[in-house]
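Here the structure is laid out as structure tokens; the discussion comes afterwards.
Laboratory data are not the source of any read-out in this text; all were calculated from the coordinates shown. These numbers come from a predicted model, not from an experiment. FYI the Cβ positions are ideal-geometry reconstructions off the backbone, even for glycines, and counts take in every protein chain you see.
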Amino acid sequence: MQFPGLTVGTLQAITITDAASQNVAYNLFLFESQPTNISDNAALDIADADLPKIIYDDAFATTTRQAFNSNSMHRLYNLDVPLWATGDSVWGFLSTTGTPTYAATSDITVILQVETNSLRVGLSS
């Protein structure tokens, strides 16, 4: 996933929304430049050359999931993580070891709350 225009800032929060309300844990990896593509629904295998590009990673356990009637969300707050891109975007991979059944890839949204130039903005992908 691409976060266009995010070139530098401080990551303050992450929200993962799930329109299909799947009870799975996630792992999020953010990269300073575009990593080698991994196909949707393929095993997560980050290329050796992409490992130095990782600028942030975190896990979202099922115990931190907020379930609603027909959807759910995970959220991490109070982060203070510097982010940077070597190009015009920060890139990311979101993975799960669970077996969710999504109707579409658009069922999942990742939102980064980033402070940049003393302003807080939300970027989604």
With label points built 7 Å along Cα→Cβ from the Cα atoms of ASP88 and ASP40, find their separation and express it in nm. 2.4 nm
Relative contact order, percent, segment 2-124 [alpha-carbon distance under 8 Å, six or more residues apart]: 47 percent
Dimensionless Rg/Rh of the chain, both radii on Cα and Rh by Kirkwood, sits at 0.95
Label model pair ASP107, LEU79: point-to-point distance (7 angstrom along the Cα→beta-carbon line) in nm is 2.3 nm
What whole-number distance in Å separates the alpha-carbon centres of segment 34-75 and segment 77-103? 6 Å
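To make sure I understand, if each residue's beta carbon is the centre and we count other beta carbons within 10 Å, what order do PHE68, PHE3 fall in, fewest to most?
On the way: PHE68 9, PHE3 20.
Least crowded to most crowded, the residues run PHE68, PHE3.
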The chain, Gaussian network, Cα under 10 Å: of ILE38, ILE108, ILE55, the residue fluctuating most is ILE38
Least to most buried among LEU76, LEU112, LEU51 (fewest other Cβ within 10 Å first): LEU51, LEU76, LEU112
If VAL24, VAL90 are placed from fewest to most neighbouring beta carbons inside 10 Å, the sequence is VAL24, VAL90
